[in-house]
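Worksheet: the structure to be examined is printed underneath.
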Amino acid sequence: MSKKVLVISSSPRRGGNSDTLCDQFINGATESGHKAEKIFLKDKKINYCTGCGLCNTNDYTACSQNDDMKDILEKIITSDVIVMATPVYFYTMCGQMKTFIDRFCSRYTHITDKDFYFILTAADDNKDALERTAEEFRGLLACLDNCTEKGILYGTGIWKRGEVNSTTLPEQAFDMGKSI
């Protein structure tokens with residue numbers, strides 16, 4: 001059965017290490033017959049959540065902000081598989097990804113029955129150093145109904161653009177995408 005896959009790349013660098021792994025995940029998923037789309041957050045206008053509370057008074061269907069988040073949330077709701085990729089800076093997800101997650105408020109009760117995959121890349125070569133970031137993603141999943149972490153790719157020891165290509169991580173991302 002073909003699944004609809006939505007990949008969220010929060011890298012500030014197109015073609016950066018985490019973004020490259022997104023592309024490989026997509027290649028694997030499409031080779032297996034799934035439909036995949038990537039959203040590059042840097043290309044989108046996503047404002048910070050202002051805490052205005054409008055979403056709380058509208059059954060979590062409205063947001064006071066007029067930016068690209070409404071369309072992205074609709075794509076999340078209609079997808080079967082969500083992939084979220086971030087470079088890890090100072091042992092946490094990048095600011096683009098955190099701002100994106102904070103904006104789930106207006107529709108998070110509608111994000112149900114999804115499989116989630118996470119891709120993390122960092123200069124640190126210790127996988128345990130990325131666990132804090134993995135836990136941040138798990139915190140998101142704890143707020144969603146019947147959403148499951150299906151896989152996580154720890155891209156350690158890569159910093160400079162393109163370093164990921166001298167590792168086995170692209171093949172791992174491809175295989176992960178192919179296995180959904």
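Just a few scattered comments:
- D124 satisfies every condition listed in (1) surrounded by 19 or more Cβ atoms within 10 Å (Cβ to Cβ); (2) assigned to a loop (DSSP other than H, G, I, E, B) except (1).
- Taking the criterion of being of a type in the set (S, T, Y) and exposed (fewer than 12 other Cβ atoms within 10 Å of the Cβ), the residues of region 149-180 that qualify are S166, T168.
- Test for F137: is it touching a Gly at 6+ places or on another chain (Cβ under 9 Å), closer than 21 Å to M176 by Cα, of a type in the set (A, V, I, L, M, F, W, C) and crowded, with 17+ Cβ neighbours inside 10 Å: no
- Some residue of region 77-93 being under 24 Å from K42 (Cβ atoms), in contact with a Gly (Cβ under 6 Å, 6 or more places away or on another chain) and modelled with pLDDT of 95 or more: no
- From the list D43, D19, D71, D23, the lone residue that is exposed (fewer than 13 other Cβ atoms within 10 Å of the Cβ) and under 24 Å from L153 (Cβ atoms) is D43.
- When residues in region 84-98 are screened for being under 18 Å from K38 (Cβ atoms) and either free of Cβ contacts under 8 Å to residues at least 60 places away in the same chain or outside any helix (DSSP H, G or I) (or both), 6 of them pass.
- Residue satisfying all of: in region 78-106; β-branched (V, I, T) and under 18 Å from A173 (Cβ atoms); surrounded by the fewest Cβ atoms within 10 Å (Cβ to Cβ) among these: V81
- Close pairs (8 angstrom Cβ cut-off, 6 or more residues apart or separate chains): touching a residue at least 40 places away in the same chain (Cβ under 8 Å) and buried (at least 24 other Cβ atoms within 10 Å of the Cβ) in region 107-121, among the polar types (S, T, N, Q) and part of a loop (DSSP other than H, G, I, E, B) anywhere: T121/T156
- Among the residues of region 132-160, the ones that are at pLDDT 95 or above and assigned to a loop (DSSP other than H, G, I, E, B) come to 7 in all.
The values are calculated or read from the model by the stated rules, or taken from the named source; none is laboratory data. Since we're looking at a predicted model, the values are computed, not measured. Counting neighbours? That spans all protein chains shown, and the Cβs are built from the backbone with ideal geometry, glycine included.
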